[in-house]
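Written below as structure tokens is the structure these notes are about.
The values are calculated or read from the model by the stated rules, or taken from the named source; none is laboratory data. Only a predicted model underlies this, so the values are computations on that prediction, with no experimental measurement involved. Cβ placement follows ideal geometry from the backbone for every residue including glycine, while neighbour counts extend to all protein chains displayed. Accessible surface is based on the protein model in full, side chains and every heavy atom, while ligands, DNA and RNA are left aside. Shrake-Rupley method; radii C 1.70, N 1.55, O 1.52, S 1.80 Å.
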Amino acid sequence: MKTEKLFVDTNKPDKGIILRAARYLQKGELVAFPTETVYGLGANALDAKAASKIFEAKGRPQDNPLIVHVSSIEMAQELVLDDLNDYKWLVELLWPGPVTIIFRKSRRIPDIVTAGLPNVGIRFPSHPVAQKLIEIAGLPIAAPSANLSGRPSPTDEFHVIEDMDGRIACMLLAGKTLFGLESTIVDLSRGKPTLLRPGPISVERLKTLLPDLEVPEFVKAEEKYSGPALAPGMKYRHYSPKIELILVEGDPRERYKEIITFAFEKNSIILCSRETEHLYPGEIKRRVLGSRDNLYEVAANLFYALREPGEEFERIVSEAFPETGVGLAIMNRLRKAAWRIM
Ligand code: TXA
Ligand code: MG
């Protein structure tokens, strides 16, 4: 399939270009598009056949549900059984923005979109291109991240081209995404509001709005994979870099000698912070993800580092980061991506 690539300006998206992409969605074709988190791979959420193409293009298992993107709270209301007036204070503070909320789904959403679940994740993105695309198409858009299944989510246009060129009808390309990590997911369809995936909107912030928010242990992604020498392939692969990734837990100022030892065993690149870069000998290659004082900077650079470590390297050795604020999401993604956690 020939993929039509449409380049747009994030802040002033050209209406004619968006309309061109919207036409593909209306015809049941797939369109990749930028959001403030990562690029999405979109299809008409009301069309089961269109949605099924997403699973095919990504190589995604059909038991993994899709998030449905909307461009207004009214549009969201049409897709869920819950009365959004009951959550007005919440949705008006969090939307548009990088938060997906799970509600009970209406029958308008085909089962394939939610993998048969009675609930649906709804997201109202703040990215101007995403909003305009949904508005102009006049449709809710089902969209997972626009990566091949198992790979890190695309945070720049060349990542989308790398994974999806030739597999989909159209891509809207608008450079780098803002947060570089997928949305925070909160489930409101159970008894207690529950965090399902940490993301750019932190637990600390959510708890000011939802004081009884449940934060299950699994969001740390520690359980199955912690401990030494977990063989690659044994674990569920996610965000996988093409080469081995060793994550060294704890404070790098206490564990830098181990990081150096791992880095010397093979031709390695160290992922580190600006504050700790000086701990490593000059002959070891390193990539500074950002400052420990601004974990949003680290988040925005993380998937680049996992996706393109560089051909010359055989191993990535990564520092850990504090699990406060967006740091919880950073550590969740790093642990899921790691081949070994030490
Ligand atoms: O930032 C994001 O959320 C991006 C952009 C494109 O919006 N999308 C994204 O989608 O990350 P995806 O499919 O890569 O991740 C969505 C996650 C999956 O792990 C899925 O299992 C979960 O959300 N999910 C979706 N619907 C759900 C539901 N009804 N119940 C529980 N989990 C759900
Ligand atoms: Mg994904």
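Points worth noting:
- Heavy-atom accessible area with a 1.4 Å probe sorts 339, 89, largest first, into 89, 339.
- Going by accessible surface with a 1.4 Å probe and the largest first, 23, 286, 292, 333 read 23, 286, 292, 333.
- Rounded to the nearest 500, the helix-only mean residue ellipticity at 222 nm of the chain stands at -8500 deg cm²/dmol, with each DSSP H run of n ≥ 4 adding -39,500 (n - 2.57).
- Rounded to the nearest 10 Å², the accessible area of residue 182 at probe 1.4 Å: 10
- With the biggest extent put first, the Cα atoms of segment 12-81 measure 37, 30, 25 Å across the principal axes.
- Using alpha-carbon coordinates, inclination of helix 295-307 to the longest axis of the chain, degrees: 90
- Amide H partners (placed H, <5 Å) of residue 106, local residues excluded: 80, 81
- Taking all Cα pairs closer than 8 Å and separated by 6 or more residues, the relative contact order of the chain comes to 20 percent.
- In order through segment 284-293: 3J(HN,Hα) via Karplus (6.51 cos²θ - 1.76 cosθ + 1.60), integer Hz, x for Gly, Pro: 8, 5, 9, 10, 7, 7, x, 9, 5, 7
- Each eigenvalue of the Cα gyration tensor of segment 228-335, multiplied by 5 and square-rooted, gives one semi-axis; in descending order these are 19, 17, 13 Å.
- The share of C-alpha pairs in segment 149-300 whose separation exceeds 24 Å stands at 51 percent.
- Amide H within-cut-off set for residue 4, under 5 Å, with H built and near neighbours excluded: 170, 171
- For the chain, the longest principal axis of the Cα atoms and the long axis of helix 15-26 meet at an angle of about 80 degrees.
- Dipole of the chain, positive end: most advanced residue of 85, 43, 122 [Cβ charges, Cα centre]: 43
- The C-alpha atoms of the chain define a longest principal axis, and helix 128-137 lies at about 30 degrees to it.
- Working note: Cα atoms of the chain, range along each principal axis, descending, whole Å: 56, 48, 37.
- Globularity ratio of segment 1-132, using Cα Rg and 2.2 N^0.38 Å: 1.05
- When the surface is traced with a 1.4 Å probe over the full set of protein chains, residue 52 keeps roughly 40 Å² accessible.
- Within the full protein context, the accessible area of residue 312 is estimated at about 110 Å² for a probe radius of 1.4 Å.
- J(HN,Hα) series, segment 267-283, from Karplus relation 6.51 cos²θ - 1.76 cosθ + 1.60, nearest Hz, glycine and proline x: 6, 10, 10, 9, 9, 8, 9, 4, 6, 10, 3, 5, 6, 9, x, x, 7
- In terms of overall dimensions, the C-alpha atoms belonging to segment 90-135 reach 30, 24, 14 Å along their principal axes, ordered largest to smallest.
- Alpha-carbon centroid distance for the pair segment 118-165 / segment 267-337, whole angstrom: 25
- Peptides ranked, highest mean first, by Cβ atoms within 10 Å: ranges 149-155, 72-78: 149-155, 72-78
- Contact order relative to length of segment 67-153, as percent, for alpha carbon pairs under 8 angstrom and 6 or more apart: 42
- Looking at the chain alone, DSSP beta bridges between its own residues are antiparallel in about 35 percent of cases.
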